[in-house]
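The values are calculated or read from the model by the stated rules, or taken from the named source; none is laboratory data. Here the structure is a predicted model, which is why all the values come from computation and not from measurement. Side chains included, ligands, DNA and RNA excluded: accessible areas come from the protein's heavy atoms. Shrake-Rupley method; radii C 1.70, N 1.55, O 1.52, S 1.80 Å.
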Amino acid sequence: MKKQTVRKLLQKNNPVVLEIGASTGEDSIAFLREFAQIQLYCFEPDPRCLEVHKSQVKDPRCKLYEIAISDVDGEAEFYQSSGSYEGFNEYSEWLQSSSLKTPKNHLEVHPWCKFENKVIVPTRRLDSWFEENPIDEIDLIWADVQGAEENLIKGAFKTLSYTKYFYTEYEDDELYEGQITLEQINALLPNFKAIGYFGNNVLFKNTEIPASAFNNADQTVWQIWELFPPKVWLQFLKRRLKSRAKSLHN
């Protein structure tokens, strides 16, 4: 989802945003450029990504926490991705697929991406962090946790109740062991409604918090074309058909 679309969604210049899985800082920089008065809280456990993030994002509006958000306060193994593909030249190796989860189908779908190293990282429940950093209301949680969506959600029920919008990557193929599907993510969020799909990302709205751009009649056209473009529906149908064919084959 483009950050300009996030601006249309939130309709404010001073949002409170939690970026979970901040990686090397590309989204962090985009948020800082789009919102002059943003309060941005970033979470990232990979030492390699942290080094790049710190070198690229030097802004007092952004606070970086060197932890993995999960459902347990403690430590966990973290699988570091590496490797590269033809045309990739951002860094010496691919960092963006690292996960708390053990790689599974990811190894077949993206054979160029390797997971040859593990490190121990600190983990925190988002609710534990929230208790130490009380915020009246969170406008958006922007999550990219590479298959650990269940861990994130189960450790963040209280925080999510104070959150207007939740944006997360999802995958119905089990790229990582134990990765839950979109249907299972929906089941964990009974007070949220999926209102938009962006490739393999979904935007949820907290139905318990009133006042949203989506309640205004003059936003109808924007909703249709920004949140539900025809190509998204085609991608969705293709994934469903692929999943159905796989289940019939089994």
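With Cα atoms defining each centre, the range 4-18 and the range 177-191 are spaced 25 Å apart in the structure. Taking a ≥ b ≥ c as the square roots of the eigenvalues of the alpha carbon gyration tensor, the range 27-159 is oblate, as a/c is not under 1.5 and a/b does not beat b/c.
Counting only the Cα atoms, the range 110-192 fills a convex hull of 106 Å³ per residue. Karplus-based coupling profile of the range 149-165, in residue order and whole Hz: 4, 5, 4, 4, 5, 5, x, 9, 4, 5, 4, 5, 5, 9, 10, 6, 9, with θ = phi - 60° in 6.51 cos²θ - 1.76 cosθ + 1.60 and x standing for Gly or Pro. A 1.4 Å probe run over the protein chains yields, for the range 56-156, 50 Å² of accessible area per residue, whole-number rounding. Ordered by 1.4 Å accessible area with all protein chains kept, HIS110, HIS53 run largest first as HIS110, HIS53. Quick check: the distance between the Cα centres of the range 47-61 and the range 19-44, to the nearest angstrom? Each part's Cα centre sits 10 Å from the other's. Karplus-derived 3J(HN,Hα) values for the range 9-17, using 6.51 cos²θ - 1.76 cosθ + 1.60 with θ = phi - 60°, are 5, 7, 6, 7, 9, 10, x, 9, 10 Hz; glycine and proline are entered as x.
A straight Cα-to-Cα reach below 22 Å connects LYS3 with the lysines LYS12, LYS54, LYS58, LYS63, LYS164, LYS193, LYS205, LYS231, residues fewer than 8 places away in its own chain not being considered.
Straight-distance candidates among the lysines for linking to LYS101, with alpha-carbon spacing under 16 Å and chain neighbours fewer than 8 residues away dropped: LYS114, LYS118, LYS154. Sequence-ordered 3J(HN,Hα) estimates for the range 189-200 from the Karplus curve with 6.51, -1.76 and 1.60 and θ = phi - 60° stand at 10, x, 9, 10, 10, 6, 10, x, 10, 10, x, 9 Hz, glycine and proline given as x.
Residues whose amide H comes within less than 5 Å of that of ASP73, counting only those at least five positions distant or on another chain, are ARG125 (H built at 1.01 Å from N in the peptide plane).
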